[in-house]
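Enquirer: Below is the structure I would like to discuss, written out as structure tokens.
The values are calculated or read from the model by the stated rules, or taken from the named source; none is laboratory data. Keep in mind the model is a prediction, meaning the values are calculated, not measured. Cβ coordinates were reconstructed from backbone atoms using ideal geometry, including for glycine residues, and neighbour counts include every protein chain displayed. Quick note on the areas: whole protein, heavy atoms, side chains included, nothing else; ligands and nucleic acids left out. Shrake-Rupley method; radii C 1.70, N 1.55, O 1.52, S 1.80 Å.
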Amino acid sequence: MLHFLRSINSKAKKGGPSGPRKIPPPRKFKEISSNLADNEAYLRQEFANISDIVFRRFYAGEVKFLAVWFDGLINNRVSQDIFRALMLDIPDKRLLEAPKEKRADFINLRLMPFYDTQKAIDLEEIKHWILASKMVLLVDGCPSGLMIDAENRPQRPISEPIVEPTVLGPHDGFVENIRVNTALIRSRLGDAMLKSEDYIIGRRTSTPVTLMYVADIANPGIIEEARRRISRIDIDGVLDSSYIKEMIQDRVFTVFPLIKGTERPDIVVADLLEGRFALVVDGSPQVLTAPSIFIEFLQATDDYYINPMVVWFIRSLRYLAIFIATNLVGLYVALITYHQEMIPIPLVFSIAGTREIVPFPVFFDALFLLIVFELLWESSIRLPRVVGAAINIVGALILGEAAVQSSLVSPTLVIVIAVTAVANFALGSGYDLALAVRIIRLAILAAGGILGFYGIALVSLFFLLHMAGLRSFGVPYFEPLAPLISKEMKDTIYRAPHWDFNERPALIAGKDTTRDNTPPPAPPANNSFFNARSKKR
Amino acid sequence: MEPGKISERQLALLITTTLISTVVFWMPQLGARAVEQDVWITALAATIWGILSALVIVALARRHPGLTLIEYLPLILGKPLGKVFGGLYVFWFLFVGAIVIREFAHFLNITIMPKTPPAFFMVTIMALCFYALRGGLEVWARVNEILLFVVVVAMVAVIVLPYNHMDLSRLLPIADHPPGLLISTSLLSGSWRSEVILAGMFIPALSCFRHISRNLIISVVFIGFIVAGVEISAVAVFGGVPTGQKEFPFFSLARMISLIRIFDRLEVLLVVALLLGTFFKICAFLYCSTLGVAQVFGFKEFQFLLLPLSVLLLAMSLNSFKGVPELTDFLSNVWPGYGLLSFGLVIPLLLYLIALFRPVRQVREP
């Protein structure tokens, strides 16, 4: 259940308990009056000028009731059940016989066939429940009210992740509802040590955020730091997990993603098991996991589901892809502009042949085509479906064919840009990284155009140094490479088979560092078990 | 004073990059001018000087745990003299750093970008060094750890790949020069190797202190093999005397590579190796001089000195030599005396001898 009453800036206790902590009382406090009319007046005044709220007065026997909810956020069938339980099936006598002050308790315990209800004695609390899309029931003569969780917010069904599709492995993805998302995680990781802590972020949106971690794996220092950073947030609204991401990351001015967002529950569970924590934000299908390291963004979920003897190849392709996506255009421009002597002789003639009729320096050509590519990318995201075909034709025909035929650009350059574009999306699971690569590519193109190879080397070195200096929740971002930790190279360019993943990442996991004790598969040498069967026969 | 911690392996790799990155470009021709085909023997012999330097600096550091070279100089020589020598060492760091920058710009000018003014290379590489050092020792030591691999692979590739042009009989006759000449040439080669005393500035930043002398010796020996490899390869391809006449035999070697028509311009590999290696070498010298200045004057911090010293280093490298001949002359005639025979080996050795007669003092705030 979500405790919506947590004050926004509650300080995280030092070394606090691992479970959800007690809710501090709301700052304002208004007792529920025994007189139903007073309560209704108060609520009507609080919710003045709101047209989509429903105040439903009714009688159960001789007792007056008031139900309040926001239209559309409550499951209609469920609310009808509530009314049926009270208005039609009610054992009048017992309700009337119960002391007036206990009526709410009586209804709660005997008449409400719902699994999630809660008693409240504070009108402010009642107000919060209503705003949190619950139904609230007030009884005449009773100074307490009842929250009934009949929530049915409009939501999308669970579907295949949109940003991170895979071939193998599970196909469910997170949705916008935080409860569904935590359930997807919880159902995969049935361990009492998987703790979850609720936070309410956003002064106006009151967005529920859940911090999840496995208490006996995660590094308590990192979790405490996460709590501290989350409770620092003071913003009016949180519309997506990326809001939180920006406000809790270690360094602001960097193009690299320091916190991973993913749509896939299996990735989140894998990260939790490595000692990371997850932040589930209501309204966002992207669940954040941190601390993140750079090579995570070059890994895809499939890597863990396909044959490890193949993974090394696919991963090398990805490493090649990031090199191509960042460097190829810059290298091409530098080669053509400054270092023609380094092009192999047969290639020189073919490139020179295509470049002969192009009027502009190759740098401007490359910049032009690159910007066209970025424009296509951008427009294909914003594109209304119906005009998609038009853009495709423009992109393929006009830009590809016509630009070459009109000798604005050389065909070789078109190939270079095309390969770059393809490589840009072969980076594994990291769309965030694909965005970073765009910026790096521009920087390298500029450096290559101005300074040749020297410039490219300088800029690459700059980015390497920058990356090596980054940290995500204290963990060095470029971790198993710099600092070089040979023990953790099992999940870099090749992935060890699952029986060989003995240790969790040492810099991330705090405590229980043994992941796996499975001995390597070792069938008996002479297949005796098999022979025994055939002998019997 | 240094907040970061590096591992012993990181230090050894850092020292390797520092020592390897300029000597391979200068020693083949400078050595071959003196001893022709026997130049590779001097590279191996220089390893002895390098090992001596490494042993002395580690022994000094063991005697003064937690202190840098500049910090324990006053403890050994007494305050006034110690500070003077500290100042001399800082100047040595700065001056050698300036030479390295100069060599770097000169090499780039000759190899890939002949028309660009050298000052441009100096300013850009210096800016990047400044950025790296501002990020902290830990960061650039880490990056060095992965990039040294690239440097070594490129160098080994250039050593091995011209195999089809090699004629090992050009190495004969072996040791056909008077031992005195061989030894004096090995002093030149050893001068680069004696830059291992830079470790004296880094040792207090180590997270543990167990195998450091072993690691440093391995790196010195390894460099000996690489330099000897370059020289053997160059002599085998070009012959002894022509090696001495070339401007950069190592670079010429890279130009000789031609494999299956595609890999026939591999000198770019070497430029990358040079750029990465020299970058870290400049970083190391800039770091040492910054830390050194702060410790000579007793400052609590050293980060604020980074910008002024970067500018100073740049100015020194722009103004210290009029041209390439002067640089070459300096390297072949003055550098042995300025490197190995004074700051690199002899002064540390004397310091150690003096320190032996001093009582071991337990100093160091935690």
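Enquirer: Which residue fluctuates the most in chain B, going by a Gaussian network model with Cα springs under 10 Å, if the choices are B:Glu231, B:Glu247, B:Glu103?
Expert: Sorting by GNM fluctuation, first place goes to B:Glu247.
Enquirer: Could you point to the residue in B:Thr17, B:Val156, B:Ile212 farthest towards the positive end of chain B's charge dipole, with +1 and -1 charges on the Cβ of Lys/Arg and Asp/Glu respectively?
Expert: It is B:Ile212, whose Cα lies furthest towards the positive end.
Enquirer: Near A:Lys64, which aspartates and glutamates are there with a Cα under 14 Å away, not counting those fewer than 8 places off in the same chain?
Expert: A:Asp38, A:Glu40, A:Asp92, A:Glu101, A:Asp140
Enquirer: Go ahead and run the numbers for FRET between A:Val255 and B:Phe297, Cβ-Cβ distance against an R0 of 30 Å, rounding to 0.05. Could you put the intermediate results ahead of the total?
Expert: Working: r = 39 Å, r/R0 = 1.30.
For A:Val255 and B:Phe297, the calculated efficiency is 0.15.
Enquirer: Can I ask one more? Which sequence of B:Ser289, A:Ser429 reflects their accessible areas, 1.4 Å probe, from the largest down? The partial results should precede the final answer.
Expert: Numbers: B:Ser289 0, A:Ser429 30 Å².
Heavy-atom accessible area, descending, gives A:Ser429, B:Ser289.
Enquirer: Additional query: Which residues of the range A:475-494 show a drop of at least 50 Å² in accessible area when all protein chains are present, compared with their chain alone (probe radius 1.4 Å, heavy atoms only, ligands and nucleic acids excluded)?
Expert: Correct list: A:Leu484.
Enquirer: DSSP H helices in chain B with Cα extent of 15 Å or more along the helix axis and mean Kyte-Doolittle hydropathy at least -0.5?
Expert: Working: long enough: B:8-35 (37 Å, 0.88); B:39-63 (37 Å, 1.73); B:79-111 (47 Å, 1.13); B:118-134 (24 Å, 1.66); B:137-160 (33 Å, 2.18); B:179-193 (20 Å, 0.53); B:212-238 (38 Å, 2.04); B:267-296 (42 Å, 1.86); B:306-319 (20 Å, 1.99); B:346-357 (17 Å, 2.82).
Within chain B the helices that satisfy the rule are B:8-35, B:39-63, B:79-111, B:118-134, B:137-160, B:179-193, B:212-238, B:267-296, B:306-319, B:346-357.
Enquirer: Accessible area, 1.4 Å probe, largest first: how do A:Lys102, A:Lys30, B:Lys322 sort?
Expert: My answer, sorted largest first, is B:Lys322, A:Lys102, A:Lys30.
Enquirer: Could I have the simple spin-label model distance between B:Glu326 and A:Ala192, label points 7 Å from Cα toward Cβ, reported in nm to one decimal?
Expert: 8.0
Enquirer: Just from its helices, what would the mean residue ellipticity at 222 nm be for chain B, if runs of 4 or more DSSP H residues each count -39500 (n - 2.57) and the sum is divided by every residue, rounded to the nearest 500 deg cm²/dmol? Please report the intermediate quantities before stating the final value.
Expert: Working: 16 runs with 262 residues, N = 366.
It lands at -24000 deg cm²/dmol.
Enquirer: Follow-up. Determine the total buried accessible area between chain A and chain B, counting protein heavy atoms only with a 1.4 Å probe; round to the nearest 100 Å².
Expert: Values: alone 26750 and 14910 Å², together 39150 Å².
Buried area between the two chains comes out at roughly 2500 Å².
Enquirer: Moving to a separate point now. Within chain A, what's the longest stretch lacking chymotrypsin sites (Phe, Trp or Tyr not before Pro) that sit in DSSP loops with no more than 10 other Cβ atoms inside 10 Å? All intermediate terms of the calculation are to be shown ahead of the outcome.
Expert: Values: sites that count: A:Tyr115, A:Phe253.
Here the longest segment lacking exposed loop sites spans A:254-537.
Enquirer: Per-residue ellipticity at 222 nm for chain A, helices alone: DSSP H runs ≥ 4 residues times -39500 (n - 2.57), over residue total, nearest 500 deg cm²/dmol? All intermediate terms of the calculation are to be shown ahead of the outcome.
Expert: Values: 16 runs with 209 residues, N = 537.
So the helix-based figure for chain A works out to -12500 deg cm²/dmol.
Enquirer: For the range A:36-148, report the accessible area per residue in Å² (1.4 Å probe, heavy atoms, rounded to an integer).
Expert: Working: 5480 Å² over 113 residues.
Per residue, the range A:36-148 has 48 Å² of solvent-accessible surface.
Enquirer: Quick one: how many Å² of A:Asp198 are accessible to a 1.4 Å probe, rounded to 10?
Expert: That residue has around 20 Å² of solvent-accessible surface.
Enquirer: Per residue of A:454-465, what is the mean number of Cβ atoms on other protein chains within 10 angstrom of that residue's Cβ?
Expert: On the way: counts 11, 2, 1, 9, 7, 1, 2, 11, 4, 0, 8, 13.
Average per residue, whole number: 6.
Enquirer: So how exposed is A:His171, as accessible area in Å² (1.4 Å probe, rounded to 10)?
Expert: Its heavy atoms expose roughly 80 Å² to the probe.
Enquirer: I need the P(r) histogram for chain B: all alpha carbon pairs, bin width 20 Å from 0 out to the longest distance, whole percents.
Expert: All Cα pairs considered, the percentages come to 31, 58, 11, 0.
Enquirer: If you don't mind, another one. Express the accessible area of chain B per residue in Å², computed with a 1.4 Å probe while the remaining protein chains stay in the model. List each step's numbers first, then the result.
Expert: Numbers: 13680 Å² over 366 residues.
With all protein chains present, chain B gives 37 Å² per residue.
Enquirer: I would also like to ask the following. Throw me the Rg/Rh for the protein assembly as shown, computed over C-alpha atoms with Kirkwood Rh, two decimals. Display every interim value, and only then the final one.
Expert: On the way: Rg = 35.5 Å, Rh = 32.6 Å.
Reported Rg/Rh, Kirkwood definition of Rh: 1.09.
Enquirer: Leaving out ligands, DNA and RNA, and with a 1.4 Å probe, what % of the accessible surface on the range A:194-328 is carbon or sulfur?
Expert: Details: 2740 of 4510 Å².
Of all accessible area on the range A:194-328, carbon and sulfur atoms account for 61 percent.
Enquirer: Let me ask another. Find the relative contact order for chain A and round it to a whole percent, using C-alpha pairs within less than 8 Å whose residues are 6+ positions apart.
Expert: Working: 832 pairs, mean separation 75.4, N = 537.
Relative contact order comes out at 14 percent.
Enquirer: Select from B:Thr290, B:Thr111, B:Thr16 the residue whose mean-square fluctuation is largest in a Gaussian network model of chain B (Cα-Cα springs shorter than 10 Å).
Expert: Result: B:Thr111 has the largest fluctuation of those listed.
Enquirer: Under the 0.36 nm per residue contour assumption, what length would be gained going from the current alpha-carbon distance of A:Leu109 and A:Asn502 to full extension?
Expert: Working: separation 393, 0.36 × 393 = 141.48 nm, distance 5.00 nm.
Additional length available on full extension: 136.5 nm.
Enquirer: Right, here's the next one. Which helices count as membrane-span-like in chain A under these terms: full DSSP H, at least 24 Å along the axis by C-alpha, Kyte-Doolittle mean of 0.0 or more?
Expert: Values: long enough: A:308-337 (42 Å, 1.55); A:362-382 (30 Å, 1.52); A:431-469 (29 Å, 1.72).
Span-like helices in chain A: A:308-337, A:362-382, A:431-469.
Enquirer: What is the dipole size for chain A, taken about its Cα centre, with +1 at each Lys and Arg Cβ and -1 at each Asp and Glu Cβ, in debye to the nearest 20?
Expert: Working: 59 positive and 57 negative charges, 254 e Å.
With only Lys, Arg, Asp and Glu charged at Cβ, the dipole is about 1220 debye.
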